[in-house]
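Let me begin by presenting the structure, written as structure tokens, before commenting on it.
No value in this document is a laboratory result; all are computed from the given coordinates. None of the values given here were measured: they were computed from a predicted structure. Every residue, glycine among them, receives a Cβ derived from its backbone with ideal geometry; neighbour counts consider all protein chains shown.
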Amino acid sequence: MDIAASVPAFHAYAVMALVVLALFLFASERLPLASSSLLILVLLALLFEIFPYSNAREPVRAADLFLGFGHQALVAVCALMIAGQALVRTGALEPIGRQLARWWTRRPLLSFLATLVVGAMLSAFINNTPVVILLLPILISVSLKTSTPASDLLLPMGLATSVGGMATSIGTSTNLLVVAVAADLGLRQLGMFDFAFPAMIAGGFAILYLWLLAPRLLPSREARLPTTSPRVFSAQLRIHEESIVEGRTLSEIIELCGGMLDVVHILRGKNNNRLMPIPDLVLRSGDRIMVKGTPDRLKELESLLGASLFSGDERVDEEHPLRDTTQQIAEVVVVPGSTLDGRTLANVRFRERYQLMVLALFRTNKWLAEQGKEHTEETRLHSGDVLLVQGSVENIKRLKSSRNLLVLDAKAALPISKRAPLALMIMLWIIVTAAFGLLPIAVSALTGVVLMLFTGCIRWFDATRALSAPVVLIIVTSLAMGSAMIETGGADMLATAYVELTAGASPWLVLSGLLAMMALLTNVVSNNAAAVIGTPIAIGIAQQIGQPPEPFVLAVIFGANMSFATPMAYQTNLLVMNAGNYRFADFLKVGLPLVLIMWALLSFLLPWLYGM
């Protein structure tokens, strides 16, 4: 305690050191985002508990750092995530997707523009993740039908939704956080459309760039997963008297096959009695072992066990190869917020749950085999992973209604619930009441969630799945870091340092530099963390140079939303990256010019609009 008191600005420097540590952890991803956030929150609490701090007003207690769990911004973000999930669950966005798909058959170029515009407009009011999930299969289907590389379409679409999210106060969680933190610091509450004009002007140029130039900058990429991957077939191995496995237990046979015998069940006798594949089951002549495997593996097992390989009642040989016309191969993506994220195939009982075989797994532009291992039942899934699965047409069609996985084709549209219009009306009510100031966004969104639940648009189970622990924890930790920097004077110190660094520069150049710094930071670390930390600094800069704080706050909002240049900058970037087989360089090639376009336009628009 005495040590802390004897060091000038000890708490300010300690908090800034923790902020640097947080940014490093968020950027390196050495720990899961939720774990990194929780670690920083605990370290902040311990700092103020072990070394108490008192400012001119009142002491800062460790418990004050946990107030973010009840902050109106977090309540609004969580409520809007649930409301957005209700739109997805009811299929309320499907008519838009179907109409876009119909347009593509007539005027592809104009339809691409319409897709970008619609994606941006939807993202201004709901989280862009469900918008990307809606548009991904449409564009992939279009690429297959028109022989247009999917890589020409997917990245521009994903970036267009990020651009659209900048237009309103509810477009992204970042916008909500900055508006709420600025209000806590004494600024007037920014309305839903208060910064829509500059966002629409800059966004219009961005959409034109994504429509006309971005596809020309992108190389054509191969499909993520080879369609020639070995398929898995169901077959039966019939045991004869001369077979070496006759009279042995099933566990002995599996060991003889090197543990690679995938037994479904065993049929015995004329009545086809079905026996469970228990380890101590003794096999007899005439038994039929129902197995799954690739053609090569099944032929190998036939030879190894001295059995006969049949497909149904037909013997498998050179003239009668394995066939299964009821089976289909599909590519599916683990979507953000999925209950599969972070769990293994064995944990979730993937095969039993979905009645599908996983043939291959693709992750971040690399086969697992290239990393020294192949996918197994113990492979841990992550958001953005692409799985090559095989199963019946009916099971794959059923998978399209799952919100854990996205099927990358558009052969069968998702069913639209009869509650879809009701969900749309409730979402419209949330937007209108917040836009006209009838209710605060936290209250209107939470009321909308109650209406969604009571009318059956969403169930509690799906509502809880819509909430993301990493998002909640990063918001709470960011609010705690921002509050600690304000209370200890760290934000003022950084603002002073920036003002001194830009001494003699015009106000518009100071604002432009702040915008550039936020754009750089958000492509390396979490945009929410960058925004909450940047907001008090921006207000401090404005006050020290005698300028209105609103344009500087907007510079934080716009800069923190420019998550265009790296795949790790935002979760939809990773989703698009895996679906389109993009590389890190592709994001730089397309995203960096987009950042520069938005930066140049907003650096002119904000000072002009606010008379700086």
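Data overview
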quantity: Nonlocal amide H pairs with residue 505, under 5 Å, H built at 1.01 Å; calculated: none
quantity: Viscosity 1.002 mPa s, temperature 20 °C, Stokes-Einstein D of segment 14-111 from Kirkwood C-alpha radius, µm²/s; calculated: 120 µm²/s
quantity: Two-site label geometry, residue 54 and residue 208: point separation in nm, points 7 Å out along Cα→Cβ; calculated: 6.1 nm
quantity: Members of 292/397; 270/299; 397/589 lying beyond 28 Å, as alpha-carbon distances in this model show; calculated: 397/589
quantity: Spin-label model distance (nm) - residue 267 vs residue 397, 7 Å beyond Cα toward Cβ; calculated: 2.6 nm
quantity: Spin-label zone in segment 181-224 - amide nitrogen under 19 Å from a point set 7 Å from the Cα of residue 585 along the C-beta vector; calculated: 214-224
quantity: Gain upon complete extension [residue 201, residue 344; 0.36 nm per residue less C-alpha separation]; calculated: 46.9 nm
quantity: Neighbour-count order for 493, 357, fewest beta carbons within 10 angstrom listed first; calculated: 493, 357
quantity: Sites residue 21 and residue 241 - FRET efficiency at Förster radius 60 Å, r taken between beta-carbons, to 0.05; calculated: 0.30
